[in-house]
1. Evaluated at 20 °C with a viscosity of 1.002 mPa s, what Stokes-Einstein diffusion coefficient in µm²/s does the range 1-109 have when Rh comes from the Kirkwood expression over alpha-carbon pairs?
2. Once the Cα atoms of helix 185-214 and of the chain are each reduced to a long axis, what angle between those two axes, in degrees from 0 to 90 to the nearest 10, is obtained?
3. With the cut-off at 1.5 for a/c, could you classify the range 141-199 from its C-alpha gyration tensor as rounded, prolate or oblate?
4. Based on the Cβ-Cβ distance from T325 to I218, what FRET efficiency comes out when R0 is 35 Å, to the nearest 0.05?
5. What does the net charge come to around L141 if you take all other residues with beta carbon closer than 12 Å to its beta carbon, with K and R at +1 and D and E at -1?
6. Counting each DSSP H run of 4 or more residues in the chain as -39500 (n - 2.57), what helix-only mean residue ellipticity at 222 nm follows after dividing by all residues, to the nearest 500 deg cm²/dmol?
7. At a temperature of 37 °C and a viscosity of 0.692 mPa s, determine how fast the range 216-265 diffuses translationally according to Stokes-Einstein, using the Kirkwood radius over alpha-carbon pairs as Rh; express D in µm²/s, rounded to the nearest whole number.
8. For the chain, build the convex hull from the C-alpha positions and give me its volume per residue in Å³.
Amino acid sequence: MSDLAPPFQFEWSTAEGFGSADLAEGDVPVPLPSAIGTERMVARPLGHGAGIFDHGFRLTQPLSITGTKLADQGVLFIRTGLTRDALCHRHGLGTFTESVGQYSLHLCCSVGATCRVTYANGEPSIGLAPIITEDRLRHMLTGFKAPRLIERFVEGNGEDWAAQPRYSPTMRKLVEEIRSAPYEGAMLEFYLQGKVFEMLAAVFSDIDEATESRRPVIGAERAKIAMACQLLQRDLSKPPSQEDLAAKIGMAPRRLATAFREVTGASMIEWLLDRKLEEAGRLLTEGDMAIKQIAFRLGYSHVGNFTAAFSRRFGVPPANYRKTTVMNHFMMRQSS
């Protein structure tokens with residue numbers, strides 16, 4: 001990529017099957033005909049093995065663009081800035097939606113592997129796409145601790161992989177700073193390299209989160225989640241924070257959140273709300289505690305908030321629930 005030629009061969013095709021292969025003459029890329037749409041591409045070199053491509057399409061009809069990997073070594077690439085959803089198919093990984101509000105992160109290792117993205121008509125993409133080869137990334141990360149997924153990648157043992165992390169304010173800011181770079185010449189290349197380093201730091205954090213969410217919850221962790229549930233239920237009015245709870249059971253806060261949802265089927269906030277309302281139902285039917293007291297006992301500072309939450313869960317306000325349930329119990333005793 002010293003001349004910023006991407007390590008992919010790109011072809012386009014319409015829904016009717018007409019495509020660049022029908023117009024190709026040799027290996028020269030075929031631009032989009034004006035009847036199909038307009039395309040812009042600005043390429044910025046970052047030295048051998050890396051570059052940033054600022055691209056966009058405005059289409060009059062749906063279009064698919066397929067990239068076929070030509071390079072022998074692995075390639076990391078990022079796609080940012082969709083203005084509408086697109087459908088992406090990665091060879092060996094299946095089909096997924098690239099969504100507005102997210103960016104796409106790809107590791108492409110297999111020679112000949114394809115990535116096909118299908119866009120609707122309109123303005124589907126204003127993407128900024130850094131592309132970095134395995135060798136260049138290895139050089140960039142010297143002395144830097146990267147996620148294990150990336151370490152295997154730069155060691156030549158990587159695997160094809162894709163994720164769609166949230167398009168965070170940090171990533172959005174970096175894209176805008178790259179686009180509005182205030183330098184030219186050699187200073188521009190140094191500036192862009194620094195911004196790509198910042199982008200990689202954000203990406204590696206997202207990789208950790210994505211791989212963490214895929215790791216299965218094993219027996220020892222399930223026991224810790226059971227302990228977490230006990231600690232949360234010990235005092236429903238003042239449950240520990242996620243950070244305090246994670247420290248007590250010996251888990252990282254982010255891993256706790258992921259494992260808790262997998263084991264219980266709900267987030268901690270959702271699970272706590274269910275336990276509070278279950279306890280409210282018990283207190284309403286098994287005693288004569290005032291509704292206001294029940295609300296305060298369960299940590300609600302305003303009775304109205306308690307009443308609204310209870311009504312959403314049970315379909316009736318607490319007073320009606322108490323009256324109906326007590327009456328039903330009375331009728332059951334009479335009939336027996």
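Just so it is clear, none of the values below were taken in a lab; they were calculated from the coordinates. Only a predicted model underlies this, so the values are computations on that prediction, with no experimental measurement involved. Positions of Cβ are backbone-derived with ideal geometry, glycine not excepted, and every protein chain shown enters the neighbour counts.
1. Rounded to a whole number, D works out at 139 µm²/s.
2. Roughly 40 degrees between the two axes.
3. Cα axes put the range 141-199 in the oblate bin.
4. 0.30
5. Result for the neighbourhood of L141: -1.
6. Helix-only estimate at 222 nm: -13500 deg cm²/dmol.
7. It diffuses with D of about 306 µm²/s by this estimate.
8. Hull volume normalised by residue count: 221 Å³.
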